[in-house]
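Single-structure report; data block below.
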């Protein structure tokens, strides 16, 4: 019975440790991918803006040249043709100016996306790396201790050992996380609180995030909880 | 990857972590709650926040694409 309990505990711990490691790896990949995508979007928008600026300048150059030709034109029939050409060129210039304006807006939109993503990643990256590292380390240690338990002990003794080791390690992990991660957790909370996650004029405020999380049935650790923890730890440190 | 692909990856990562944490036996005690609250929960929250920002990034990308299209 004790053997089965330890095996089940070991398997559960290993599953959770693997899940934490896999999570951290996928999140790191996702954050790197998001950065690349944002960079690519900004670059494409900038290239489009540069191309359209060149188109606009060419149209303006042709218009000016034609206007200059008209000013020097002695022949009335030729002047009529030039005036008609100028009307078309002005329309073309206006269209290209509008397209250039859109491209400039696209650059601003893309740059906003990149800024918001970078701020978010900057806040999340330490939380992901440190919390997953602390959790994975604690779970690996727990797995080692479980493997070292002498199964010749009586069932109840083994169970007590398992529980004691687990509680000690989990408590230790919590203590380590409190020391290492809380600064970043506070930063993370501030990021949400101050609505840094806005994209394209639609701020993802803390209430919006919480509403979305609630809708997705994802329990959310409120910003105030993090802040309370931070203040609590601060008081403990002062004491 | 595109923003939607990345968003799916993030959501899958968060869901897989939640599944693994939910089905771990023998942890129904205060320490387990501490472990969840202070280590697991910030990880799950990170996935949710990144997913939301990626969805907004996708919306902004679509707007930028429309502005860039001829």
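Structure above, values below:
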{"item": "Counted residues, the stretch A:6-19 - those being under 14 Å from residue A:135 (Cβ atoms), in contact (Cβ under 8 Å) with a residue 12 or more places away in the chain and either exposed (fewer than 15 other Cβ atoms within 10 Å of the Cβ) or more than 7 Å from every other protein chain (Cβ to nearest Cβ) (or both)", "result": "3"}
{"item": "Wholly enclosed helices (runs of 4 or more DSSP H) of chain B bearing at least 1 residues within 21 Å of residue A:19 (Cβ to Cβ) and modelled with pLDDT of 90 or more", "result": "B:3-22, B:41-68"}
{"item": "Residue in the stretch A:60-71 that is away from chain B (no Cβ under 14 Å), under 45 Å from the mean Cα position of the chain (by Cα) and in a helix (DSSP H, G or I) present", "result": "yes"}
{"item": "Only one of A:32, A:54, A:49 that is surrounded by fewer than 17 Cβ atoms within 10 Å (Cβ to Cβ), more than 8 Å from chain B (Cβ to nearest Cβ) and more than 25 Å from residue B:9 (Cβ to Cβ)", "result": "A:54"}
{"item": "Any hit, the stretch A:102-111, residues being under 24 Å from the mean Cα position of the chain (by Cα), at pLDDT below 95, within 9 Å of another protein chain (Cβ to nearest Cβ) and under 30 Å from residue B:53 (Cβ atoms)", "result": "no"}
{"item": "Of all residues in the stretch A:137-153 being part of a loop (DSSP other than H, G, I, E, B) and surrounded by 10 or more Cβ atoms within 10 Å (Cβ to Cβ), the one that is modelled with the highest pLDDT", "result": "A:149"}
{"item": "Some residue of the stretch A:64-72 being in contact with a helix residue (DSSP H, G or I) (Cβ under 7 Å, 6 or more places away or on another chain), under 23 Å from residue B:18 (Cα atoms) and modelled with pLDDT of 95 or more", "result": "no"}
{"item": "Count - residues of the stretch A:59-73 that are free of Cβ contacts under 8 Å to residues at least 12 places away in the same chain and either in contact with a strand residue (DSSP E or B) (Cβ under 8 Å, 6 or more places away or on another chain) or loosely packed, with under 15 Cβ neighbours inside 10 Å (or both)", "result": "6"}
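The values are calculated or read from the model by the stated rules, or taken from the named source; none is laboratory data. The model shown is predicted, which means the values in this text are computed figures rather than measured ones. As a convention, Cβ positions derive from the backbone with ideal geometry for all residues, glycine included, and neighbour counts pool all protein chains shown.
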